[in-house]
1. If you take the square roots of the eigenvalues of the alpha-carbon gyration tensor of the chain and sort them as a ≥ b ≥ c, do you get rounded (a/c under 1.5), prolate (a/b over b/c) or oblate?
2. Rounded to the nearest 5, what % of DSSP beta bridges with both residues in the chain are antiparallel?
3. Assigning unit charges at the beta carbon (Lys, Arg +1; Asp, Glu -1) and nothing else, what dipole magnitude in debye, to the nearest 20, does the chain show about its Cα centre?
4. Among Gly212, Ser281, Val339, whose Cα lies farthest out toward the positive end of the dipole of the chain, if unit charges sit on the beta carbon of Lys, Arg (+1) and Asp, Glu (-1)?
5. Compute the convex hull volume of the Cα atoms of the range 265-377, divide it by the residue count, and report the result per residue in Å³ as a whole number.
6. On alpha carbon coordinates alone, what is the Rg over Rh value for the range 213-335, Rh being the Kirkwood radius?
7. Which peptide among 264-277, 419-432 comes first, and what is the full order, when sorted by highest mean count of other Cβ atoms within 10 Å?
8. For a quick size check, give me the Cα extents of the range 33-159 along its three principal axes, largest first, whole Å.
Amino acid sequence: METQELHRFQIGSQYGTADNKCRSCVVIYDSSSSASAAVAAQIADLIRAKAQQGEQAVLGLATGSTPQGVYDELARLHREENLSFQNVVTFNLDEYWPMPPNALQSYHRFMAECLFCHVDVDPANVHIPDGTLPLEKVAAYCTEYERQIRAAGGIDLQILGIGRTGHIGFNEPGSPRNSRTRLITLDKVTRLDAADDFFGEWNVPRKAITMGVGTILDARQIILLAFGEQKTQIIQQAIEAEVTSAVAASFLQARPAVTFSLDQAAAGELKPVKTPWLCGSIVDSGQSWDQRTTKRAVIWLAEKLDKPILKLIEEEYNENGLQELLSARGSAYDLNIQVFKSLQKTITGWPGGKPGRLRRDGSVDVFPKRIVVFSPHPDDDVISMGGTLIRLCEQGHDVHVAYQTSGNIAVFDDEAARHVDFAAEFCRVFELSGNQESRRLERTMQLLASEK
Ligand code: GLP
């Protein structure tokens, strides 16, 4: 598969840090699939190079939705390009505790289904923390896990995802730099994020066994993958904010041989992406002051100074890292008008067109129209274009909304049951319901109770 790398920079160099230490590196790809393919290729190179030297490749592996593309690609490389895993030893980062290995949410099951069943790895070389141990055996087990990693010669390449709390593995906020494999209590945010997998937050285990931050940092090479908008904020904190145990992933900043492999969405809040003009010359970094970058910069300046675009003055451009823009694109006056007009063009009071409007071919456009709005969820229409919907109706169009899902999967049964229960109790206390309502509520409760 073709991989397209859009942007690469070293942490430190773009941020004006004084020291010249080789720090971790950020690579931004055009999509998550191309990032996954590039990372899989790197893993394959390591496995083959080690095999040639008659050595084992020791991989640290992660779970979650993020690394799945890497595992798919590794399975393909095994199937189609003879990549053998016979010299591969693996150590997984974590497992929920307690957790039987065959449960739907078990990381043992995840790894088997996503990777191990599709390649020729020796099961004896696979290590995943055991979620079935009684509490009194966990501590000794964790010490043994660390010993096994050392005995294998240490981890050559560690793959990581990142949780919304900034955790790597399950190293929740507060995990020290030198922490080792241990039992940890999961953060509320992490349990909430896992709620879908467990059909409700209350079913998510409260604890997990995880490699420590120190265990992870011992790996010779580390790649952290993050994709999608839900990772934008935490990636910004992990890479650009201070190094702190409140965000375990921030410990990766201060270490060489770490790569953050991101898609464009996850990288969206990083300074070199969001405000590249604050990191030096745009032109020197291979970009140009095209229309898109110009528009972004002017809107950013107006928002930053909390001023209308048309009132921005040259000094403000100059003092906010936009000298190069002024030299490239002319005066502040011209720039302001140009960007203002391009924004103005995107706004119309007649979303369905004005009555009597001429089409390109000279014929008169239909008015009123029959309009279908596609809404993935039953609230997306109102949230994203409520005002437009009102306008369309007011202006006499025949408007229909096509909902693409009933939305029921977004509501857990126990939530629904709680509301039905409340409604029933409310009706009873205030003597509001007739027989019909009570029966309907009762039927709903029975339906929820009987559903699996
Ligand atoms: C869990 C795992 C982490 C993983 C994180 C993010 O918490 N223990 O190792 O990085 O989920 O998951 P996802 O990749 O699905 O966003």
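1. Judged from the Cα gyration tensor, the chain comes out oblate (a/c at least 1.5, b/c at or above a/b).
2. 35 percent
3. Here the chain has a charge dipole of around 620 debye.
4. So the residue we want is Val339.
5. 190 Å³
6. When Rh is taken as the Kirkwood radius, the ratio is 1.08.
7. 264-277, 419-432
8. For the range 33-159, the Cα spread along each principal axis is 45, 31, 22 Å.
All of the numbers you see were taken from the coordinates with simple rules; none came from a lab. If you're wondering where the values come from, they're calculated on a predicted model, not measured in any experiment. Note: ideal-geometry Cβ built from the backbone for every residue, glycine included; neighbour counts use all protein chains shown.
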